[in-house]
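Q: I'd like to ask some things about the structure below.
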Number of protein chains: 2
Amino acid sequence: MPPAVTRSTALLTDHYELTMLQAALRSGTAHRRSVFELFPRRLPEGRRYGVVAGVGRALDALEQFTFDASTLAALEDVVDAPTLDWLASYRFSGDVWGYGEGETYFPFSPLLVVESTFAEAVLLETLLLSIYNHDSAVASAASRMTLVAGDRPCIEMGSRRTHEEAAVAAARAAYVAGFAASSNLAARQRYGVPTTGTSAHSFTLLHDTEADAFRAQVDSLGRDTTLLVDTYDVTEAVRLAVEVAGPGLGAVRLDSGDLAVLATRVRAQLDALGATKTRIIVTSDLDEHAIAALAAAPVDGYGVGTELVTGSGHPTCGFVYKLVARESADGDLESVAKKSVDKVSVGGRKYALRRRTPSGVAEAEVVGIGHRPVDDGDDRALLVPLVRSGEVVGRESLEAARERHLRSRGELPVAIQQMSRGEPVIPTVHE
Amino acid sequence: MPPAVTRSTALLTDHYELTMLQAALRSGTAHRRSVFELFPRRLPEGRRYGVVAGVGRALDALEQFTFDASTLAALEDVVDAPTLDWLASYRFSGDVWGYGEGETYFPFSPLLVVESTFAEAVLLETLLLSIYNHDSAVASAASRMTLVAGDRPCIEMGSRRTHEEAAVAAARAAYVAGFAASSNLAARQRYGVPTTGTSAHSFTLLHDTEADAFRAQVDSLGRDTTLLVDTYDVTEAVRLAVEVAGPGLGAVRLDSGDLAVLATRVRAQLDALGATKTRIIVTSDLDEHAIAALAAAPVDGYGVGTELVTGSGHPTCGFVYKLVARESADGDLESVAKKSVDKVSVGGRKYALRRRTPSGVAEAEVVGIGHRPVDDGDDRALLVPLVRSGEVVGRESLEAARERHLRSRGELPVAIQQMSRGEPVIPTVHE
């Protein structure tokens, strides 16, 4: 179990959420029943599908969204005394539905539907968006990588290229989207993500000779370890690696140069030395395109860093959180939306299902406005209850999210296999 | 003062840092005196200069890099018992020099020089890189924005588009690079970054009419507030805003549409209504190019979100942390470097100064290998002591970092004003 993180999440938000609250408390509108929706207006340019991640983290953050004394003290110059009083007893008491973690999504998928009062729900805007925008960007990139990698494992090793806490979330999101392991030890501690790692160039350089370094590593970590063979000369290092560890050596890692050419050469050399089971792991600025280009090379695993944690060109999803319905003066729930040509919102409480053919292939994202779309018999409802009357009910294991992702991606048309740019692989239909 | 964050930072690292430690402890090389260097191999493509940020955060993280009982428990299946014993009493006891926070940098600038034993210094690799790579990416983008914005304030409002903790660090880094304020309340609490904010479209939509919303906001936040005028019809909203708040209205905000055209039209309308002092704030997917394009428009401030927190196309700096020298078997300090054509490292302990003309214009980044470059009389040393024998000595205020940034950027050749792609504005010279 991860250790409890006790810090309040309530200040991980924007100043204006608090000033809106203050003004609404004063004008008497703060407690109007309201529906907010978190959704994407589009996929990142050229992407065929997206992947939802961060659901479990959002539920944790929601539970910790309370205003303790030090939090309230920090807001003394931000809002007035009546607002501080109201915040002191704040606990979200509404309902939340959402796409399950690992689910695929498309433009206008209603990823979260938050029903509560305006006051309670508006405060969550920034934090929910931060978590969903970041984690889903990483998962969406990760899913394309694991898709093209096929049976070969992908290992997340991008911690050093992103904010130290974003790194932990990225390791978790990559795992949801099919990565086999991560280098990040905090992700292991908090979320149980499997971790791996052996050595860097500095370890080789620390020793007087490469042979000393290899011996030191094998002595300590065993023959099944992965030796890094590109500090000096690859051919000599591979020879030395097998000499030191024997043909039972676990793996060698290549971290520079033309990886396809090198891998082919190293495979031949390893086989000639009898190390036919020794695996070849490649790292060095890989993305989904580089992984696809290595499909025919004798590579046994991919270590992915920068391009994973930065969403492979799309470090954020552009999700927005909009008021789509609220109680009117006469007590009815009324649909609302900003009028805009460039920033489209669709008013109204949404429901969603994935329309499927009888053989189970996804055909459309059907979004019902104010009503549940009719299930044709082969369809799948997408919104699951996450919070009921303020109580988290949607918590699940990371393994469950991994399985959902595999199932959901497996339903999509085969066109997702293409790494080239294209339109969303299924259309979104409003009903 | 920010509240003390007591959580250990020791697991915000990669698995292999720990396995290297284990193997080095066993081979007897762990305590060899070592010098690690954190540096960029290049600037992001087309950029003329970079900005160092995260220094203060790195010093905080270093102080919290200790292995308490729960941290050690999490490592039980990662390393062996002797390694856990060694970690239990870990405290960094070495020396660190670095570029001051806010300083500009160029390819191969030795941003951090860490001198200690291998064991002590290798463990810091991932965490130092995470902090520097993220915070400097944001500061580098922010500096270009504040440069082209000139006297008009830039306000950071990107929290929702990045990981919730990265958002806090981004607000801090943007402030170092000249942003006037942020929307992020945790950045206010922890670092004293000024925050601002008034309302979103949801506040207008919550009320029965736009007039109701404007009245509610002005009643609560005063006439000096900023009213958001693009929920329905801009012209009608501006008329209404001045009617409700009077000509003393603080500002109006435009968040969609063609901002240059709209700002010009709104300025004329405000002036005609007598609201000649009412400012016009623009937001909506701005980056440095959009800010530059609005230079001639009657705009009084820029709110910047996504493109700031994602480093305006370059969300990470690509800094690396390499062993550049270590004690040899005979006790001397020996330069070391990986041999590689595509990943260049220069061995040896580095020193650095900014060569300047007699009139104070930067001419070159001079990096001395193993010795201090000679100051021609107009030059400026770049490395300052940050940690001495394990004690943090380089802590300073954010205001000091802001001032350093302005001075350092002010020294650079005027070519940095061009937002077009180019080479680093001064060359790096190794001596």
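The values are calculated or read from the model by the stated rules, or taken from the named source; none is laboratory data. This one's a predicted model, so the numbers in the text were calculated from it and none came from an experiment. Cβ atoms come from the backbone with ideal geometry, glycine included; neighbour counts cover every protein chain shown.
Q: Taking the options B:108, B:39, B:92, name whichever one is assigned to a loop (DSSP other than H, G, I, E, B), under 28 Å from the mean Cα position of the chain (by Cα), away from every other protein chain (no Cβ under 11 Å) and closer than 30 Å to residue B:419 by Cα.
A: B:108
Q: Identify all residues within the range A:257-296 that are among the hydrophobic types (A, V, I, L, M, F, W, C) and surrounded by fewer than 16 Cβ atoms within 10 Å (Cβ to Cβ); write none if there are none.
A: Matches in the range A:257-296: A:261, A:268, A:272, A:293, A:295, A:296.
Q: For the range B:147-188, name all the residues that are of a type in the set (Asp, Glu), surrounded by fewer than 24 Cβ atoms within 10 Å (Cβ to Cβ) and under 25 Å from residue B:416 (Cα atoms).
A: Residues of the range B:147-188 of a type in the set (Asp, Glu): B:151, B:156, B:164-165.
When the remaining residues are screened for being surrounded by fewer than 24 Cβ atoms within 10 Å (Cβ to Cβ), the result is B:151, B:165.
Matches in the range B:147-188: B:151 only.
Q: Another question about this same structure. Mind listing just one residue for me: the one in the range A:297-326 that is charged (D, E, K, R) and more than 9 Å from chain B (Cβ to nearest Cβ) and, of those, surrounded by the fewest Cβ atoms within 10 Å (Cβ to Cβ)?
A: Top of the filtered list is A:300.
Q: Continuing with this model, one more query. Among the listed residues B:73, B:4, identify the single one that is farther than 30 Å from residue B:362 by Cβ, of a type outside the set (Asp, Glu) and modelled with pLDDT under 95.
A: After ruling out the rest, the residue left standing is B:4.
Q: If you take just the strands (runs of 3 or more DSSP E) that sit entirely in the range B:286-344, which of them hold at least 3 residues that are modelled with pLDDT of 95 or more?
A: Correct list: B:301-304, B:319-327.
Q: Considering only the range A:347-387, state which residues are within 23 Å of residue A:425 (Cβ to Cβ) and in contact with a Phe, Trp or Tyr (Cβ under 7 Å, 6 or more places away or on another chain).
A: A:365, A:367, A:368, A:373, A:382, A:383, A:384, listed by residue number.
Q: OK, next. Considering only the range A:333-350, how many residues are more than 7 Å from every other protein chain (Cβ to nearest Cβ), touching a residue at least 40 places away in the same chain (Cβ under 8 Å) and more than 24 Å from residue A:31 (Cα to Cα)?
A: So the answer is 1.
Q: Filter the range B:225-256 down to the residues that are among the charged types (D, E, K, R) and surrounded by fewer than 17 Cβ atoms within 10 Å (Cβ to Cβ) and list them by number.
A: Across the range B:225-256, the qualifying residues are B:233, B:236, B:239, B:243.
Q: Here's something else I'd like to know. Among the residues that make up the range A:126-133, is at least one of them assigned to a loop (DSSP other than H, G, I, E, B), touching a residue at least 60 places away in the same chain (Cβ under 8 Å) and in contact with a strand residue (DSSP E or B) (Cβ under 6 Å, 6 or more places away or on another chain)?
A: No: the range A:126-133 contains no residue that is assigned to a loop (DSSP other than H, G, I, E, B), touching a residue at least 60 places away in the same chain (Cβ under 8 Å) and in contact with a strand residue (DSSP E or B) (Cβ under 6 Å, 6 or more places away or on another chain).
Q: Turning to a different aspect of this structure: Checking the conditions here, which among A:61, A:30, A:23, A:53 is within 11 Å of chain B (Cβ to nearest Cβ) and assigned to a loop (DSSP other than H, G, I, E, B)?
A: Just a single option satisfies the conditions, and that option is A:30.
Q: While we're on this one: Could you list, in sequence order, all residues of the range A:219-263 that are small (Gly, Ala, Ser) and within 33 Å of the chain's Cα centre (by Cα)?
A: Step one: list which residues in the range A:219-263 are small (Gly, Ala, Ser), which gives A:220, A:222, A:237, A:241, A:245-246, A:248, A:250-251, A:256-257, A:260, A:263.
Matches in the range A:219-263: A:250, A:251, A:256, A:257, A:260, A:263.
Q: Do the conditions hold for residue A:387, that is, is it under 30 Å from residue A:138 (Cβ atoms), of a type in the set (A, V, I, L, M, F, W, C), assigned by TED's automatic domain parsing to the domain that holds residue A:66 and modelled with pLDDT of 95 or more?
A: The answer is yes for residue A:387.
Q: Right, next: Scanning the range A:87-126 for residues that are in contact with a Ser or Thr (Cβ under 8 Å, 6 or more places away or on another chain) and of a type in the set (S, T, N, Q), which turns out surrounded by the fewest Cβ atoms within 10 Å (Cβ to Cβ)?
A: Among them, the one singled out is A:93.
Q: So which pairs qualify, if the first residue must be in the range A:373-391 and surrounded by fewer than 16 Cβ atoms within 10 Å (Cβ to Cβ), the second must be assigned to a strand (DSSP E or B), the Cβ gap must be under 6 Å, and the two must be at least 6 apart or on different chains?
A: From residues that are surrounded by fewer than 16 Cβ atoms within 10 Å (Cβ to Cβ), the pairs are A:378/A:356; A:381/A:353; A:385/A:97; A:388/A:95.
Q: Out of A:368, A:348, A:360, which single residue is part of a loop (DSSP other than H, G, I, E, B) and surrounded by 17 or more Cβ atoms within 10 Å (Cβ to Cβ)?
A: Matching residue, one of A:368, A:348, A:360: A:348.
Q: Another one. Keeping to the range B:49-74, report how many residues are more than 15 Å from the chain's Cα centre (by Cα) and not aliphatic (A, V, I, L, M).
A: The total comes to 9.
Q: On to the next question. How about the range A:309-334: which of its residues are aliphatic (A, V, I, L, M) and either farther than 26 Å from residue B:163 by Cα or in contact with a strand residue (DSSP E or B) (Cβ under 6 Å, 6 or more places away or on another chain) (or both)?
A: A:323, A:324, A:325, A:329, A:333
Residue by residue, here is whether (1) of a type in the set (A, V, I, L, M, F, W, C); (2) touching a strand residue (DSSP E or B) at 6+ places or on another chain (Cβ under 6 Å); (3) under 21 Å from residue B:345 (Cα atoms) holds:
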| position | (1), (2), (3) |
| --- | --- |
| A:269 | no, no, no |
| A:274 | no, no, no |
| A:285 | no, no, yes |
| A:295 | yes, no, no |
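Q: Kindly check whether there is at least one residue in the range B:220-231 that is at the interface with chain A (Cβ under 10 Å from one of its Cβ atoms), in contact (Cβ under 8 Å) with a residue 40 or more places away in the chain, in contact with a Ser or Thr (Cβ under 7 Å, 6 or more places away or on another chain) and not polar (S, T, N, Q). Break it down into steps so the answer makes sense when it comes.
A: Residues of the range B:220-231 that are at the interface with chain A (Cβ under 10 Å from one of its Cβ atoms), as a first pass: B:220-221, B:225-226, B:228, B:230-231.
Among the residues that remain, those that are also in contact (Cβ under 8 Å) with a residue 40 or more places away in the chain are: B:226.
Remaining after also requiring in contact with a Ser or Thr (Cβ under 7 Å, 6 or more places away or on another chain): B:226.
Restricting the remaining residues to those that are not polar (S, T, N, Q) gives none.
Within the range B:220-231, none of the residues are at the interface with chain A (Cβ under 10 Å from one of its Cβ atoms), in contact (Cβ under 8 Å) with a residue 40 or more places away in the chain, in contact with a Ser or Thr (Cβ under 7 Å, 6 or more places away or on another chain) and not polar (S, T, N, Q).
Q: Quick one: would you say residue B:201 is within 7 Å of chain A (Cβ to nearest Cβ) and either in contact (Cβ under 8 Å) with a residue 60 or more places away in the chain or under 25 Å from residue A:70 (Cβ atoms) (or both)?
A: For residue B:201, the condition - within 7 Å of chain A (Cβ to nearest Cβ) and either in contact (Cβ under 8 Å) with a residue 60 or more places away in the chain or under 25 Å from residue A:70 (Cβ atoms) (or both) - is not met.
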